[in-house]
Amino acid sequence: MAKPILVANWKNHPSSLKEAADLLTTLSRRSMLYKKLSLYIAPPYTYFESVSKRIKGFANLASQDVFFSADGPHTGSVTPDILKSFGVKLAIIGHSERRALGETNEVVATKLKTAFIAGIVPLLCIGETSRDDEGNHLQFIQDQLKFSLEGIRRKEDAEKLIIAYEPVWAIGKRASEAMSPTDLAEMVIFIKKALTDIFGRDAADVIPVLYGGSVDGSNAEPLYKETGIRGFLVGRASLKSKEFCEIAEALISS
Ligand code: 13P
């Protein structure tokens, strides 16, 4: 049985390398726990070197983005080759906070292709900004998947993909405002159906779906149990060692 997946998206935190090092020292004390997971830590780029050394043996380095082109001069961009040279194994692609800056499904599709070519596992983020009784959010999710995955058709690629379902309305809230386990279970079925339409049943079956949005130690277990997700993409709680440890324990014990 594949290990549960836990991805820490540190976003633009913590605000100093010293705080990042202290957090990792605390996490490393529970390395035996974290080894039971496929654990990825996505810090700000400037912390890569230090973080990659400190997580050896219990976690993998991940990137919060990948540039859509591998070649040519691109001021201010970090290309897949640079990510690879630091040992990056997975890249978060199409996070809602990047989409809010203007990143379209077309750009996301190009980034996914670049990641596949570089041998970096793409973690494709999808999620609606709001829901309504007419179910327009379902069409929105279907379109995000269809257009973000445009051009990815090889079964070998599909089987390496990971999806993170992060409803935008549930990000950055209190745990009680996260999606309910019942609604999440329904969405996972919907996402799997949409993936089946794109890649066929066999490939869709093996693509892990993660959930993100206000996960912490108090709601991780109900959100993981019986919803069909394979793990979490965690923001704020990944910067608090106690919360993060509780999330890890929920993934292992459920
Ligand atoms: P929070 O866990 O802080 O709600 O953030 C979720 C997220 O955006 C992870 O990518």
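The values are calculated or read from the model by the stated rules, or taken from the named source; none is laboratory data. All figures in this text were calculated on a predicted structure; none of them were measured in a lab. Positions of Cβ are generated from backbone atoms using ideal geometry, with glycine treated the same way; all protein chains shown enter the neighbour counts. In case anyone asks, the SASA skips ligands and DNA or RNA and just uses the protein heavy atoms, side chains included. Shrake-Rupley method; radii C 1.70, N 1.55, O 1.52, S 1.80 Å.
A few remarks follow.
- The distance separating the Cα centre of the stretch 1-78 from that of the stretch 169-229 comes to 22 Å.
- Protein accessible area in the stretch 87-144, 1.4 Å probe - carbon and sulfur %: 52
- Long pairs among 18/89; 56/173; 84/160; 56/192; 160/193; 53/173, criterion Cα-Cα beyond 27 Å: 56/173; 56/192; 53/173
- For the stretch 174-251: accessible area per residue (Å², 1.4 Å): 42
- Per-residue extension of 0.36 nm, minus the Cα-Cα distance of residue 240 and residue 31, leaves a gain of 73.7 nm for this segment.
- For residue 236, solvent-accessible area (1.4 Å; no DNA, RNA or ligand), Å²: 120
- Basic side chains Lys and Arg get +1 at the Cβ, acidic Asp and Glu get -1 at the Cβ, and with that the dipole of the chain about its Cα centre reaches some 1080 debye.
- Applying the Kirkwood pairwise sum to the alpha-carbon positions of the chain produces a hydrodynamic radius of 18.3 angstrom.
- Positive contributions from Lys and Arg (+1) and negative ones from Asp and Glu (-1), summed over other residues with Cβ under 12 Å from the Cβ of residue 37, come out at +4.
- GluC sites (Glu not before Pro) restricted to the stretch 110-169 and DSSP loop, no more than 11 other C-beta within 10 Å: 134
- Once both labels are positioned 7 Å from their Cα atoms along Cα-to-Cβ, the gap between residue 86 and residue 205 label points is 3.8 nm.
- Calculated [θ] (222 nm, deg cm²/dmol) that DSSP helices of n ≥ 4 give over the chain, each run adding -39,500 (n - 2.57): -12000 deg cm²/dmol
- Distance (nanometres) between label positions extended 7 Å along Cα→Cβ at residue 21 and residue 197: 5.1
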